[in-house]
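**Student:** My questions will all concern the structure given below.
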Amino acid sequence: MQIHSKLPNIGTTIFSTMSLLARQHQAINLSQGFPDFECSPVLLQMTQQHMKAGFNQYAPMQGVIQLRERIAEILETCYDRSYSPDSEITVTAGATQGIYTSIAAFINKEDEVIVFEPAYDCYMPAIEVHGGIPIAVELSYPGFFINWQKVKNKISDKTRMIIINSPHNPSATVLTHADLTELENCVKGKNIIVLSDEVYEHMAFDEKPHQSVARFKELSEQSLIVSSFGKTVHTTGWKIGYVAGPKELMAEFRKVHQFLVFAVNHPFQLALADFLADQSTYLQLKYFYQQKRDLFQKLISSSRFTIEPCAGTYFQLLNYKKISDEKDTDFAIHLTKEKKLASVPLSVFYTAKTDNKLLRFCFAKKDETLEKAAEIINGL
Ligand code: PMP
Ligand code: GLN
């Protein structure tokens, strides 16, 4: 049989690859982004209650109304923008499905999509599967900032979407108010949708508020926001997230959503709606992770790695150019196999495999895990 692959150049994701390598070599796994501690027992209890109460059949296609109402409340509380639970919010199977469905719903053959690199790995393949053309714009290093002139130069009649991600995985930078104003000006009056990946929305540090596209009225009218409860309540394995956007866009989104997954895990949605009634669950998260960041940075402050700034997310970039001139992919593999510490090399997030000698370490870990990892880092 002849297979005409839609993704001829795609292998297994770096996250599966590095986590597998970590397991095979009994390495501390700071590669794939997930907590090594438990979520709240209260949340688990709520989930059980809803299972025992019989909510074990299909949920409504758009998501349970209790959770959509809660999401609207979060958006209003955090960004002062109102989204209709009925027509402007859909619960998805994690952010990945929200992103994929958004691209499936709006990207036609030959449409161009601007993507900033380093880019989270699910954007490019989703664009390519639908016949779209990814237009990569590299963030300037050091600093990983957006050169908006470069963006303006890349916008053409064929541009249908711009994907942004803030706080940004893998660079751990955040977009500023000025960035969002530039973006708003770039797309104003144009037939361009902004897909805003905000899965780390509650993890922007140092009292700098997360700049959601929801804060910008005109921009929000042509944007879809994607988020994930996996990050917010420490349940990456539950795969529940959401997409919010104006009703015209959401109607198209739902046309695809209903045939991609139809609906998402029912009792977990109900439990999330209950649990997130306590606003501290999301409003306090940034302090929790800021402490982890500070601890990790302090533990490795005397190492030979250069600590890159971390303004958000649960990732810390370390530059190893004072230690080795090996390729980052090779260095990450050696570090896992020989020193027993797994990380993610940055070059995999670039089409051009740009290698700035950077590794990404996830600090969503117990303090003792970070202490053990720091010993290895300090020994290099
Ligand atoms: N976007 C970014 C930037 C991510 O880091 C992740 C995963 N951590 C996702 C999307 C996917 O989220 P989910 O696990 O909810 O699909
Ligand atoms: N988003 C997580 C990360 O960046 C991984 C998610 C996944 O494994 N697909 O590490």
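**Student:** Only one residue in Ile146, Ile225 is away from ligand 2 (no atom under 15 Å from the Cβ) and open to solvent by 10 Å² or more (accessible area, probe 1.4 Å), so which one is that?
**Tutor:** Ile146
**Student:** Sticking with this structure for a sec: Step by step: first the residues of the range 76-103, then only those that are more than 16 Å from ligand 1 (Cβ to nearest atom) and touching a Lys or Arg at 6+ places or on another chain (Cβ under 6 Å), then the one that is least open to solvent (accessible area, probe 1.4 Å). Which residue is that?
**Tutor:** Tyr79
**Student:** Take Gly63 and decide whether it is modelled with pLDDT of 95 or more, closer than 17 Å to Leu276 by Cα, buried (at least 21 other Cβ atoms within 10 Å of the Cβ) and of a type outside the set (Phe, Trp, Tyr).
**Tutor:** On the way: modelled with pLDDT of 95 or more: yes; closer than 17 Å to Leu276 by Cα: yes; buried (at least 21 other Cβ atoms within 10 Å of the Cβ): yes; of a type outside the set (Phe, Trp, Tyr): yes.
Yes.
**Student:** Only one residue in Ile376, Ile323, Ile333 is open to solvent by 20 Å² or more (accessible area, probe 1.4 Å) and part of a loop (DSSP other than H, G, I, E, B). Which one? Walk me through how you get there before you give the answer.
**Tutor:** On the way: Ile376 fails: part of a loop (DSSP other than H, G, I, E, B); Ile333 fails: part of a loop (DSSP other than H, G, I, E, B).
After applying the criteria, what remains is Ile323.
**Student:** Got a sec? Which helices (runs of 4 or more DSSP H) wholly within the range 243-307 have at least 1 residues that are hydroxyl-bearing (Ser, Thr, Tyr)?
**Tutor:** Ranges flagged: 280-283, 285-299.
**Student:** May I pose another question? Within the range 132-143, take every residue that is outside any strand (DSSP E or B) and either at pLDDT below 95 or open to solvent by less than 30 Å² (accessible area, probe 1.4 Å) (or both) and give me the one that is farthest from Gly11 (Cα to Cα).
**Tutor:** Leu139
Every residue, every condition in (1) more than 18 Å from Tyr100 (Cα to Cα); (2) of a type in the set (A, V, I, L, M); (3) in contact with a His (Cβ under 9 Å, 6 or more places away or on another chain), yes or no:
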position: Phe205; (1), (2), (3): yes, no, no
position: His210; (1), (2), (3): yes, no, yes
position: Leu219; (1), (2), (3): yes, yes, no
position: Ile225; (1), (2), (3): no, yes, no
position: His234; (1), (2), (3): yes, no, no
position: Gly241; (1), (2), (3): no, no, no
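**Student:** When you go through Val199, Val213, Val194 one by one, which is the residue that is buried (at least 16 other Cβ atoms within 10 Å of the Cβ), in contact (Cβ under 8 Å) with a residue 24 or more places away in the chain and within 16 Å of ligand 2 (Cβ to nearest atom)?
**Tutor:** Step by step, each of Val199, Val213, Val194 is checked, and only Val199 is buried (at least 16 other Cβ atoms within 10 Å of the Cβ), in contact (Cβ under 8 Å) with a residue 24 or more places away in the chain and within 16 Å of ligand 2 (Cβ to nearest atom).
**Student:** Quick check on this structure: which one of Leu43, Leu7 is over 21 Å from the mean Cα position of the chain (by Cα), over 26 Å from His202 (Cβ atoms) and open to solvent by less than 80 Å² (accessible area, probe 1.4 Å)?
**Tutor:** Result: Leu7 is the single residue among Leu43, Leu7 that is over 21 Å from the mean Cα position of the chain (by Cα), over 26 Å from His202 (Cβ atoms) and open to solvent by less than 80 Å² (accessible area, probe 1.4 Å).
**Student:** Checking Gln57 against (1) within 16 Å of ligand 1 (Cβ to nearest atom); (2) open to solvent by 60 Å² or more (accessible area, probe 1.4 Å); (3) assigned to a loop (DSSP other than H, G, I, E, B), only one condition comes out false. Which one?
**Tutor:** Just one mismatch for Gln57, condition (1).
**Student:** Give me the residue from the range 337-357 that is within 16 Å of ligand 2 (Cβ to nearest atom) and not in a strand (DSSP E or B) and, out of that set, most open to solvent (accessible area, probe 1.4 Å).
**Tutor:** The residue in question is Val348.
**Student:** A further question follows. Can you pull out every residue in the range 12-43 that is assigned to a helix (DSSP H, G or I), touching a strand residue (DSSP E or B) at 6+ places or on another chain (Cβ under 9 Å) and touching a residue at least 40 places away in the same chain (Cβ under 8 Å)?
**Tutor:** Within the range 12-43, Ile14, Phe15, Met18, Ser19, Leu21, Ala22 qualify.
**Student:** Now for a separate question. Between residues in the range 104-131 that are touching a residue at least 40 places away in the same chain (Cβ under 8 Å) and open to solvent by 30 Å² or more (accessible area, probe 1.4 Å) and residues that are of a type in the set (S, T, N, Q) and within 16 Å of ligand 2 (Cβ to nearest atom), which pairs lie under 7 Å by C-beta distance while being six or more apart or on different chains?
**Tutor:** Tyr120/Asn165; Tyr120/Asn169; Asp121/Thr13
**Student:** Something else about it: Could you tell me which numbered condition Tyr282 fails, if it satisfies all but one of (1) within 16 Å of ligand 2 (Cβ to nearest atom); (2) more than 16 Å from Gln62 (Cβ to Cβ)?
**Tutor:** Only one criterion in (1) within 16 Å of ligand 2 (Cβ to nearest atom); (2) more than 16 Å from Gln62 (Cβ to Cβ) is unmet by Tyr282, namely (1).
**Student:** Quick one: which of Leu260, Leu272 is of a type in the set (A, V, I, L, M), at pLDDT 95 or above and open to solvent by 10 Å² or more (accessible area, probe 1.4 Å)?
**Tutor:** Going through Leu260, Leu272 in turn, the sole match is Leu260.
**Student:** Residues Ser324, Ser343: which one is farther than 27 Å from Thr176 by Cβ, of a type in the set (Gly, Ala, Ser) and touching a strand residue (DSSP E or B) at 6+ places or on another chain (Cβ under 6 Å)?
**Tutor:** So the residue among Ser324, Ser343 that is farther than 27 Å from Thr176 by Cβ, of a type in the set (Gly, Ala, Ser) and touching a strand residue (DSSP E or B) at 6+ places or on another chain (Cβ under 6 Å) is Ser343.
**Student:** Can I ask one more? Only residues in the range 232-251 that are open to solvent by 10 Å² or more (accessible area, probe 1.4 Å) count as the first member; pair them with residues that are within 13 Å of ligand 2 (Cβ to nearest atom) and assigned to a strand (DSSP E or B), Cβ under 9 angstrom, at least 6 apart or cross-chain, and list the lot.
**Tutor:** Correct list of pairs: Thr236/Ser228; Lys239/Ser228.
The values are calculated or read from the model by the stated rules, or taken from the named source; none is laboratory data. Model, not experiment: these values are computed from the prediction. When we count neighbours, we look across all protein chains shown, and the Cβ atoms used for this are built from the backbone with ideal geometry, even at glycine. Heads up: the accessible areas ignore ligands, DNA and RNA and are worked out on the full protein's heavy atoms, side chains in. Shrake-Rupley method; radii C 1.70, N 1.55, O 1.52, S 1.80 Å.
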